[in-house]
1. Before we move on, is residue 122 more than 26 Å from the chain's Cα centre (by Cα) and in contact (Cβ under 8 Å) with a residue 40 or more places away in the chain?
2. For the stretch 304-320, does any single residue satisfy the condition of being buried (at least 23 other Cβ atoms within 10 Å of the Cβ), more than 27 Å from residue 223 (Cβ to Cβ) and in contact (Cβ under 8 Å) with a residue 12 or more places away in the chain?
3. Can you tell me which of 189, 195 is surrounded by fewer than 16 Cβ atoms within 10 Å (Cβ to Cβ), under 30 Å from residue 140 (Cβ atoms) and touching a strand residue (DSSP E or B) at 6+ places or on another chain (Cβ under 8 Å)?
4. Here is a list of conditions, (1) surrounded by fewer than 22 Cβ atoms within 10 Å (Cβ to Cβ); (2) touching a residue at least 40 places away in the same chain (Cβ under 8 Å); (3) more than 30 Å from residue 392 (Cβ to Cβ); (4) touching a helix residue (DSSP H, G or I) at 6+ places or on another chain (Cβ under 8 Å), and residue 256 meets all of them except one; can you say which number that is?
5. Mind checking which residues of the stretch 207-219 are part of a helix (DSSP H, G or I) and over 16 Å from residue 445 (Cβ atoms)?
6. Inside the stretch 95-167, counting only helices (runs of 4 or more DSSP H) that do not spill past its ends, which hold 3 or more residues that are within 30 Å of residue 82 (Cβ to Cβ)?
7. Quickly run through the stretch 297-319 and pick out the residues that are part of a loop (DSSP other than H, G, I, E, B) and more than 15 Å from the chain's Cα centre (by Cα).
8. Scan the stretch 74-86 and give yes if some residue there is touching a residue at least 60 places away in the same chain (Cβ under 8 Å), part of a strand (DSSP E or B) and either in contact with a helix residue (DSSP H, G or I) (Cβ under 9 Å, 6 or more places away or on another chain) or surrounded by fewer than 21 Cβ atoms within 10 Å (Cβ to Cβ) (or both), otherwise no.
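Derivation of every value follows stated rules applied to the coordinates shown; laboratory data play no part. Quick caveat: nothing in here was measured; it's all calculated off a predicted structure. Don't worry about glycine lacking a Cβ; one is built from the backbone with ideal geometry, like all the others, and counts go over all protein chains shown.
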């Protein structure tokens, strides 16, 4: 587990105390039309005549990325329905981009024109694809040093294997071998329907089959005497009242609540319907403890996790802060951390002891939600195994031959400036999670420990 510098720690703490200042309203905000360079994401945006076009840039390339059409002033909608909001700030030369479902905004600065590489013919062939792939990681990936990887040595080893006659299958194999030692679940090589990706050693990818098996096991064993067992949000959320006054809340993802193709607003509405039922006035007053089961959680929208955290506090607090790598030549330089707060939701809230169950199949937004509960006012104990260790939003970078790469470029910081990339968030109390032995012996050690802690220690791990 890595501790960031005192300078960054002080910055995060200062942001936590200062809060977020709202930008001054203007009657007629300046037009967002023009060319914008994004701070920290290797991206240039062109906004012209109602069309939003992303350009993915490196020192050796410029390739078109996502596009969107204006659907309202300052609002652009991508073909998949994702809504982007562009705002100008401080006059005409500064702006921000927010993607719905994200917890932060990305800073923009106006530039006079597209880079020359964006208006010149793009290089083609296997070598060009290799170079863009390597350069994309070189300029954006933050964790080479932490993982002990010499990325320049990787290039020296594999680039001689690629030439004009290299087949697509051969290139796919080379690129996959290059990133294999990273053991990073947010890194992938994609070519059509085939994807190379892998998780941290000793962990398992959260899958529908594993989720179904684990859920059936929990219902049969842990919830056999429970009351008010109910599924919500397309089966992604389960709640039950346990004997003894505790509650059990299982969350297998932070998305897909209204179907995978439903707009984000529909996901929020479905989540709110579930939370309104679970955290009603009567239950929040009588609950003596709450188990939140994230052991099989494939991630999704970070903002949905924050929305749940806001049902678990009466006091605003810093959930975490986000920063992105922003210097292509220096992986230690980052954007200014953006604080993300959990603010008490309207209506009934539960503020008592919480036991959070995690494991290696707690991934991405499942982990940012876990992190959002670390400094929650009140007693919160983590039980199980460390989470997967991947927190960042995922960058998708196109390659000249039609293949693509996926990689992280962000860090999520605690109030003290700590991050958990690679290692995952550790539990306070370590217990096996859905192992073959646990299944065979019909044991759920993490669940049983959570019940014991809530009933006998009031949510304290000791």
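1. Answer is yes for this residue.
2. Checked against the condition, which is being buried (at least 23 other Cβ atoms within 10 Å of the Cβ), more than 27 Å from residue 223 (Cβ to Cβ) and in contact (Cβ under 8 Å) with a residue 12 or more places away in the chain, the stretch 304-320 yields at least one hit.
3. After ruling out the rest, the residue left standing is 195.
4. Condition (3) is where residue 256 drops out.
5. Residues of the stretch 207-219 part of a helix (DSSP H, G or I): 208-219.
Matches in the stretch 207-219: 208, 209, 210, 211, 212, 213, 215, 216, 219.
6. Answer list for the stretch 95-167: 116-119, 126-140.
7. Correct list: 310, 311, 312, 313, 314, 315, 316.
8. Yes, some residue in the stretch 74-86 is touching a residue at least 60 places away in the same chain (Cβ under 8 Å), part of a strand (DSSP E or B) and either in contact with a helix residue (DSSP H, G or I) (Cβ under 9 Å, 6 or more places away or on another chain) or surrounded by fewer than 21 Cβ atoms within 10 Å (Cβ to Cβ) (or both).
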